[in-house]
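Heads up: the structure comes next, in structure tokens.
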Amino acid sequence: MQGVMLRAIGMVDESVEKMWKDYLKSAGVSSATYTAWQFGRTPEVADELAALVIEGRKRATTGLAFEYELEGEPLPKKGDLSIVLGGDGRARCIIRTTSVRIMPFGDVPEEFAWKEGEDDRSLRSWREVHERVFTLDCESIGRKFGPDMQVVCEEFEVVFQ
């Protein structure tokens, strides 16, 4: 899954805490909560997708709805803050969730695929890549992927880098 959340515990260095402190200072806020995670499953994909976020091309991500429950993670909500990690576990930027919609995979619109910013940004390529990844995710736990499976479509903005 392109937006898989990998908790920062034991995975990152001091760059996460430094970026968070710098963000709080720049925002004039004394405290807030955040999560730290990386896109993708490999360091290479994490680096590639974090770069797309920083350059402004990637402004959305998608995950299988049932995986949040399986992993004990709350669904994202508008206003959530996250530190995006690179493949080495270092902080790359901070994003704020601007929109969350849950819908069947087969109903994801072309405009959302464009906002994900990957490949040629078409709905066709978005579906090919995500179907391949989601099928593997489902098979790993004995489920069968289908176009009616619920996905979490999250949009975000970069608020600090």
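The numbers here are math on the coordinates, done by the rules we state, and not lab data. For clarity, every value in this text was computed on a predicted model and none was experimentally measured. Neighbour counts are summed over all protein chains in view; Cβ atoms, including those assigned to glycine, are modelled from backbone coordinates with ideal geometry.
With +1 on each Lys and Arg Cβ and -1 on each Asp and Glu Cβ, how big is the dipole of the chain about its Cα centre, in debye rounded to the nearest 20? Display every interim value, and only then the final one.
Values: 21 positive and 29 negative charges, 88 e Å.
Using Cβ point charges on Lys, Arg, Asp and Glu, the chain gives about 420 debye.
Using alpha carbon centroids, what distance separates segment 39-90 and segment 130-160, in Å? Rounded to whole Å, the Cα centres lie 12 Å apart. Counting only Cβ charges, +1 for Lys and Arg and -1 for Asp and Glu, the dipole size of segment 16-60 around its Cα centre is about 180 debye.
Computed over segment 29-161, relative contact order equals 33 percent, with contacts defined as Cα pairs under 8 Å that lie 6+ residues apart.
Scanning residues 5 or more positions from Gly87 or on other chains, those with amide H under 5 Å from its amide H are Asp47, with H placed 1.01 Å from N in the peptide plane. Across segment 57-109, the relative contact order, built from alpha-carbon pairs under 8 Å that are at least six residues apart, equals 27 percent. Compared with the dominant Cα axis of the chain, that is its longest principal axis, helix 43-55 is turned about 70°.
Computed from the Cα positions only, the extents of the chain along the three principal axes stand at 45, 30, 27 Å, in decreasing order.
Give the angle, between 0 and 90 degrees and rounded to the nearest 10, that separates the Cα long axis of helix 15-27 from the longest principal axis of the Cα atoms of the chain. The angle comes out near 70 degrees.
Return the loop-located trypsin sites (Lys or Arg not before Pro) in segment 8-68 (DSSP other than H, G, I, E, B) with at most 15 other Cβ atoms within 10 Å of their own Cβ; answer none if there are none. Walk me through the numbers before you get to the answer.
On the way: sites: Lys18, Lys21, Lys25, Arg41, Arg57, Lys58, Arg59; in loops: Arg41, Arg57, Lys58, Arg59.
Those satisfying the criteria are Arg41, Arg57.
Rounded to the nearest 10 degrees, the angle from helix 123-139 to the longest Cα principal axis of the chain is 90 degrees.
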